[in-house]
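The values are calculated or read from the model by the stated rules, or taken from the named source; none is laboratory data. From a predicted model like this one, the values you see are computed outputs, not experimental measurements. Don't worry about glycine lacking a Cβ; one is built from the backbone with ideal geometry, like all the others, and counts go over all protein chains shown. Please note that ligands, DNA and RNA were not included when accessible areas were found on the heavy atoms of the full protein model with its side chains. Shrake-Rupley method; radii C 1.70, N 1.55, O 1.52, S 1.80 Å.
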Amino acid sequence: MNLAILIFVGGILHFGILIASALVPKVLDWKDSLGKLDGLSRQLVWVHGVFIVLVIIGFGLLSVLCANELAAGTFLARAVCAFIAFFWAARLVVQVFVFDAKPYLKNAFLKLGYNGLTVVFGYLAVVYSLASLVG
């Protein structure tokens, strides 16, 4: 399989991550949890969340619409892919070594989703790392 196809698949996976992310406020009961915070702190959580969503949308769109260019090995393509790889590698480290999601994984669907996201984060880190080394 060529690198452009792997990047394109990565782009699609970004949108899958967003679908999973839409479940977070309900699963983590943000209405109650964030309701205990002062207004500014609550707004900061939501604003940071929205900006992360925008970044993931950007990664997905770049990957779907510009997969061939990202796989081309130009300096800019390699730099963009290196940033995306770092982003997802860091997210994978947080997923594996920082988060303790066990109390929230109350059914098979949530366990499958959490573990599936871990695999996706690994895929994205590896694919974009490979793309950053091309050239």
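Place a +1 charge on the Cβ of each Lys and Arg in the chain and a -1 charge on the Cβ of each Asp and Glu, then give the dipole magnitude about the Cα centre in debye, rounded to the nearest 20.
260 debye
Using only Cα atoms, what Kirkwood radius does the range 1-85 have, in angstroms?
So the Kirkwood estimate lands at 14.5 Å.
Any idea of the accessible area per residue across the chain, 1.4 Å probe, to the nearest Å²?
So the chain comes to 63 Å² accessible per residue, rounded to a whole number.
State the percentage of accessible surface on the chain attributable to carbon and sulfur atoms; use a 1.4 Å probe and exclude ligands, DNA and RNA.
Answer for the chain: carbon and sulfur cover 74 percent of the accessible area.
Under a point spin-label approximation (7 Å from Cα along Cα-to-Cβ), what is the ILE19-LEU76 distance to one decimal in nm?
Label-label distance for ILE19 and LEU76, simple model: 3.2 nm.
Placing +1 on the Cβ of each Lys and Arg and -1 on the Cβ of each Asp and Glu in the chain, which of HIS48, LEU130, LEU37 has its Cα farthest towards the positive end of the resulting dipole?
LEU37
By a straight-distance test (C-alpha under 18 Å), which aspartates and glutamates pair with LYS26 as possible cross-link partners, with residues fewer than eight away in the same chain excluded?
ASP100
May I ask for the angle, rounded to the nearest 10°, between helix 108-133 and the longest principal axis of the chain, with both axes built from Cα atoms and the value confined to 0 to 90°?
For helix 108-133, the angle is close to 30 degrees.
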